[in-house]
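Q: I'd like to ask some things about the structure below.
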Amino acid sequence: MRLLPREEKFFGYFMQQVELISLASRALLAGVASGDATVLAKAAQEVAEIEQKGDEVIHEVFHKLNQTFITPLDPEDLHSLSSHLDDVLDGLEDSAHRLVAYRLDKIPRVVIHVCERLVACTHALLLAFQALSDHRKVLDHCIEVNRIEGEVDQIVREAVIELFEHEKDPITVIKLKEIYEFLEITSDRCEDVADVLQNVVVKNS
């Protein structure tokens with residue numbers, strides 16, 4: 001099903017957004033996996049710069065929506081897709097910022113694990129949007145996003161339980177719990193994008 005022809009400008013905007021999201025997730029993973037505070041700080045700065053580029057893209061989307069009389073999909077759907085993609089990028093930037101600002105002595109393995117799942121999740125979103133304009137299955141990739149989001153939920157639940165059971169320093173508990181929650185929120189936002197995309201596909205089928 002061809003929902004968005006490649007020449008349609010909105011498809012290009014969506015691809016820019018989802019490519020920035022994928023890039024930001026990989027930068028965040030590289031930072032947390034490095035075990036080096038300096039590398040993590042540079043990664044967080046990279047994510048912040050990517051987020052600023054994302055802001056420029058979404059402003060272009062809204063500007064074009066205001067100027068375009070006939071759009072390939074309902075304007076509300078285009079607005080929702082772009083806004084939810086921007087939310088994912090914001091979540092990655094928020095997570096990266098806290099990982100640096102809270103100056104953890106060591107990045108827990110669970111953070112690295114969740115960031116690995118976020119990379120997989122954003123890659124599934126990238127594949128979904130690549131399939132959006134082709135005669136390929138979008139829903140399979142959306143289902144994969146939903147599956148990964150469920151994994152992240154379970155990982156974070158177990159990590160929070162372990163945190164309260166074993167960590168004695170209350171400040172560390174507060175820091176890690178908030179970081180876990182922001183990472184989980186980011187995966188939830190990926191699922192929000194997939195849900196909107198599935199609704200768009202169903203509506204236009």
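Q: Regarding segment 189-205, can at least one residue be identified that is touching a Gly at 6+ places or on another chain (Cβ under 8 Å) and under 15 Å from L85 (Cβ atoms)?
A: Our first condition is that a residue be touching a Gly at 6+ places or on another chain (Cβ under 8 Å); within segment 189-205, this holds for 189.
Keeping just the survivors that are under 15 Å from L85 (Cβ atoms) gives 189.
Yes: segment 189-205 contains one or more residues that are touching a Gly at 6+ places or on another chain (Cβ under 8 Å) and under 15 Å from L85 (Cβ atoms).
Q: Does any residue of segment 14-22 turn out to be at pLDDT below 95 and more than 17 Å from the chain's Cα centre (by Cα)?
A: no
Q: Show me the helices (runs of 4 or more DSSP H) entirely contained within segment 100-205 in which 3 or more residues are acidic (D, E).
A: On the way: elements: 109-132, 139-166, 170-203.
Counting at least 3 such residues, we get 139-166, 170-203.
Q: Within the bounds of segment 69-86, is there any residue that is assigned to a helix (DSSP H, G or I), within 19 Å of L197 (Cβ to Cβ), modelled with pLDDT of 95 or more and of a type in the set (A, V, I, L, M, F, W, C)?
A: yes
Q: Moving on. Restrict the check to segment 32-52 and report whether at least one residue is surrounded by fewer than 22 Cβ atoms within 10 Å (Cβ to Cβ), part of a helix (DSSP H, G or I), among the polar types (S, T, N, Q) and in contact with a Leu (Cβ under 7 Å, 6 or more places away or on another chain).
A: The answer is yes, given that some residue of segment 32-52 is surrounded by fewer than 22 Cβ atoms within 10 Å (Cβ to Cβ), part of a helix (DSSP H, G or I), among the polar types (S, T, N, Q) and in contact with a Leu (Cβ under 7 Å, 6 or more places away or on another chain).
Q: I would also like to ask the following. Would you mind stating whether K64 is at pLDDT below 95, basic (K, R) and either in a helix (DSSP H, G or I) or touching an Asp or Glu at 6+ places or on another chain (Cβ under 6 Å) (or both)? Give the derivation first.
A: Working: at pLDDT below 95: yes; basic (K, R): yes; either in a helix (DSSP H, G or I) or touching an Asp or Glu at 6+ places or on another chain (Cβ under 6 Å) (or both): yes.
When the stated conditions are applied, K64 passes them.
Q: Taking segment 85-119 as the search range and keeping residues that are over 19 Å from R26 (Cα atoms) and touching a residue at least 60 places away in the same chain (Cβ under 8 Å), which one is surrounded by the most Cβ atoms within 10 Å (Cβ to Cβ)? So that I can check it myself, show each step before the final result.
A: Here is the first cut: in segment 85-119, the ones over 19 Å from R26 (Cα atoms) are 101-106.
Pick out the ones that are also touching a residue at least 60 places away in the same chain (Cβ under 8 Å) and you get 102-104, 106.
Details: Y102: 14, R103: 8, L104: 18, K106: 8.
Selected residue: L104.
The values are calculated or read from the model by the stated rules, or taken from the named source; none is laboratory data. None of the values given here were measured: they were computed from a predicted structure. Here Cβ is always computed from backbone atoms with ideal geometry, including for glycine, and neighbour counts include all displayed protein chains.
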